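Structure, as structure tokens:
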Amino acid sequence: MATPTASSSHAWKFTSLGGFSQARMETAADFANLGSLDQKLWAALACPVKGLAFDPRTLGLLDHDNDGRIRAPEVIEASRWCSGMLTSLDALAAGDKALSLAHIDQSSPEGAGLYASAKRILEELGQNGTTLSVADATKAAEMLAASPLNGDGVVHAGSTDVEAVQTLIGEIVGSLGGVADRGGEMGVDQGMVDTFYADAQAALDWTAGGTPDVLVLGPGTGAAADAVAAVQSKVDDFFARCRLANFDDRALVALNRKEEEYLAIAAEDLSVTAEEVSGFPLARIEACRDLPLVGPVNPAWAARLAALQASAVGPLLGAELEILTEEGWTDLKARLAPFHAWKAARPTSGVTDLPAGRLQALLEGPEKAALAALIAEDAALAPTVAAVAQVERLVRFHRDLCQLARNFVNFTDFYSDTARATFEAGTLYLDGRACQLVVRVDDAAKHAALAARSKLFLAYCNCTRPSGEKLAIAAAFTDGDADFLMVGRNGVFYDRDGKDWDATITKIVDNPISIRQAFWAPYKKLASFFEERAAKEAAAKEAESEKQRMATAKGVVGDGDGKPAAPKIDVGMAAAIAVGLGALGSMMVALLGYVTGLFALPFWIICVVLMAIFIGISLPSVAMAYFKLRQRSLGPILDSNGWAVNGSAKLSVRFGGTMTDVAELPPGARVDTKDQYADPVNPWPGMLKTVVAVCFLYSLLNWFGVVHMLSKGKIGDEASDMRLFPATEAPAEVEAPAAAPAPAPAPAPAK
């Protein structure tokens, strides 16, 4: 099958995921035409090399410029190169683990070379198969890199059995420093060899400049020059001061330092070397005075003056001299000046430290030619090594390019039920939940500044292992509640390799987790407020009570004259208490009236009113959570890690629920609900529920007229006439009964 060629008419297929259309990378034609896909339609345009659950060696091969980032052009170039090296991209699109040698296109010189190298690798590994895996290619590359000659033009002591060449390589590395070869061994290349021999010749030329005129004392010239250099500035200062004193004797006091300066240091404990006076002149300043080398000299410089006399003045000017004139000093410096100039011209290369005889032997011996031949032999293997590297590159791209596309061109792996995205670091178990959306972070504060725009509840954790390894992660909680998610809580993090880490929350980005949490949040906050307020009031009452007890105790003991203090009555406080009790009573009466009036209403009105109050309290929190949950996005989290996400990559409420698993009992589990250590049941909540139920039942019966009938004692007689709903027609008028006849007047009493 021929490799599909790029075509602008390629029909792309897209899938709507995360709020934007993502190109599907499923066929060989998709990979062949990847360069024609508008980059505005890519899920991402760049990603970092580090922090991904992806083969780092493959990422290194993709990162051509070694800047630590993978960009869209590099992915396109990798796909285009594979199209030219393979006869079919079907296996690449399927993500096959091994490369069939039959799929290598041998029509081009490069392809033929790759095929030959792949065959040779299989032969070197002792395999007779027709497929090459990444492990095989990597093993061959590592074996070649570890071989004595590995084609990089760098040889080390282990690259040869000739002892003289091994010694020379060691001397070059010791003098100039080495360069690491492909296997990590320190060795030398041809450039370093040429530099070494050039420096060796320069060192010999410099050594030849050490004539008797320069080395006036032979081997001891260096010691004499060092002795002169050690005191030169102070000796020049001494003779300059003496000349100034000869010019004007009024300067003697100032030139010899004032008495106050000696008094300042005399008050302290002086050391044997008297470093406190090291800044003073070498000897007492007098007009036209010679410098004594022994005797009354500055104690801080006495040892160096003695070394000057022994190493330079004695051998050059006379052993018996214990003083040094200014003319002798000038002559001494002039006789050692050629040595100083010659020493200053010494080459700075480390080659100069080798003995001149050894350098001469190296320049005249055959070691240089033998080393050059060894380096040339190593460099001749460069094409073979490059071919093996290209085979490894092809095998890796063949295996990994499809996975990269599913995490770069689109985010199919992230939105899949079976696969995991490369940026997902593992799973965090904490607070009875397992968080799947976990990414690595370097700086939690910097990451949170942008990641907060994702509208996700994020918990930043520091992870450690007993071995001392450390890791920082950010985990998204998308289900459950946040009641017990706080800084300091501990959990366990499992990375993609299955290693477990101790995780501790260090920072939280608070956002709604679910509608359920948002609905109950106001009541939880209200309960928390009352709990805190009650705790504060209790603490304040306790403090006030303690204060009153102390005052009472003081009153009982007395004011100090033996008489107990008379209790004081605050009339204003008593009046305030009375007013407060009256106001509280009025409020309770009014509240009772409202409640009584509420339950006097029909049952359905009571339900509507209570439901409206209940919903009205939670509605603002639920509305805010509703909008935030529909704005949740993956983009800010990845952008904070250096990604260039091209779309919003939204997390719907339904999909977000799959990113966090809440603890559930397994199917068929049996639970014993009896807790022998449970706290005693508080009867008040049950009593309150009973009262509420009775009130609801009373309201319902009153609405149906049952209460009225019971109160009249007609429940049995009028049960058949009881109507559940009010009459829709006005009742007929009932004629008033006829008036009773007036009673006859009573007969008058007899007289």
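A few notes on this one:
- Counting only residues that are free of Cβ contacts under 8 Å to residues at least 12 places away in the same chain and closer than 21 Å to Thr422 by Cβ, the range 470-499 holds 2 of them.
- Residue check for Leu122: assigned to a strand (DSSP E or B) and out of contact with any Phe, Trp or Tyr (no Cβ under 6 Å at 6 or more places or on another chain): no
- Selected residue [closer than 30 Å to Thr138 by Cα and in contact (Cβ under 8 Å) with a residue 24 or more places away in the chain] from Gln360, Gln390: Gln390
Matching residues to (1) surrounded by 20 or more Cβ atoms within 10 Å (Cβ to Cβ); (2) farther than 23 Å from Leu665 by Cα:
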| site | (1), (2) |
| --- | --- |
| Asp400 | yes, yes |
| Leu404 | yes, yes |
| Phe414 | yes, yes |
| Glu424 | yes, yes |
| Asp431 | yes, no |
| Ala434 | no, no |
| Arg440 | yes, yes |
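- Flag if Ala93 is touching a residue at least 60 places away in the same chain (Cβ under 8 Å), part of a helix (DSSP H, G or I) and not β-branched (Val, Ile, Thr): yes
- Single residue of Phe339, Phe280 found to be in a loop (DSSP other than H, G, I, E, B) and among the aromatic types (Phe, Trp, Tyr): Phe280
Quick grid of which residues meet (1) over 39 Å from the mean Cα position of the chain (by Cα); (2) without any contact (Cβ under 8 Å) to a residue 12 or more places away in the chain:
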| residue | (1), (2) |
| --- | --- |
| Met85 | yes, no |
| Ala112 | yes, yes |
| Tyr115 | yes, no |
| Leu125 | yes, no |
| Ala140 | no, no |
| His156 | yes, no |
| Ser159 | yes, no |
| Ala164 | yes, no |
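- One residue stands out among those in the range 7-28 that are out of contact with any Lys or Arg (no Cβ under 8 Å at 6 or more places or on another chain) and within 19 Å of Ala91 (Cα to Cα): the one that is surrounded by the most Cβ atoms within 10 Å (Cβ to Cβ), which is Ala28.
- Qualifying residue in the range 112-119 (condition: within 30 Å of Lys40 (Cβ to Cβ) and not aromatic (Phe, Trp, Tyr)): no
- Helices (runs of 4 or more DSSP H) enclosed by the range 175-259 - at least 3 residues per element that are touching a residue at least 12 places away in the same chain (Cβ under 8 Å), surrounded by 18 or more Cβ atoms within 10 Å (Cβ to Cβ) and of a type in the set (Gly, Ala, Ser): 221-247
- Single match in Ala102, Ala44, Ala93, Ala118 (criterion: surrounded by fewer than 17 Cβ atoms within 10 Å (Cβ to Cβ) and either assigned by TED's automatic domain parsing to the domain that holds His398 or touching a Lys or Arg at 6+ places or on another chain (Cβ under 8 Å) (or both)): Ala102
- Unique residue being of a type in the set (A, V, I, L, M, F, W, C) and at pLDDT 85 or above when the list is Leu282, Leu362, Leu270, Leu321: Leu362
- Residue in the range 529-546 that is closer than 30 Å to Thr658 by Cα and either in a loop (DSSP other than H, G, I, E, B) or modelled with pLDDT of 80 or more (or both) present: no
- Qualifying position, being β-branched (Val, Ile, Thr) and out of contact with any His (no Cβ under 6 Å at 6 or more places or on another chain), among Val492, Val441: Val492
Yes/no matrix, rows are residues, columns are (1) hydrophobic (A, V, I, L, M, F, W, C); (2) at pLDDT below 90; (3) in contact with a strand residue (DSSP E or B) (Cβ under 6 Å, 6 or more places away or on another chain):
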position: Ala421; (1), (2), (3): yes, no, no
position: Asp431; (1), (2), (3): no, no, no
position: Cys435; (1), (2), (3): yes, no, yes
position: Val441; (1), (2), (3): yes, no, yes
position: Ala449; (1), (2), (3): yes, no, no
position: Tyr460; (1), (2), (3): no, no, yes
position: Thr464; (1), (2), (3): no, no, yes
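- Restricting the range 209-236 to residues that are acidic (Asp, Glu) and over 60 Å from the mean Cα position of the chain (by Cα), the residue that is modelled with the lowest pLDDT is Asp213.
- Qualifying residue in the range 27-37 (condition: within 14 Å of His398 (Cα to Cα), hydroxyl-bearing (Ser, Thr, Tyr) and in a helix (DSSP H, G or I)): no
- Residues that are over 27 Å from Arg654 (Cα atoms) and in a helix (DSSP H, G or I), drawn from the range 503-528: Leu526, Ala527, Ser528
- Residues within the range 348-374 that are crowded, with 16+ Cβ neighbours inside 10 Å and out of contact with any Ser or Thr (no Cβ under 9 Å at 6 or more places or on another chain), tallied: 2
- Residue among Trp329, Trp342 that alone is in the same structural domain as Asp226 (by TED's automatic domain parsing), more than 15 Å from Ala227 (Cβ to Cβ) and in contact (Cβ under 8 Å) with a residue 24 or more places away in the chain: Trp342
- The combined condition, being under 30 Å from Leu17 (Cβ atoms) and either assigned by TED's automatic domain parsing to the domain that holds Pro56 or among the basic types (Lys, Arg) (or both), is fulfilled by Arg406.
The values are calculated or read from the model by the stated rules, or taken from the named source; none is laboratory data. Because the structure is predicted, anything quoted here is derived from the model rather than measured. So basically every Cβ, Gly included, is an ideal-geometry build from the backbone, and we count neighbours across all protein chains shown.
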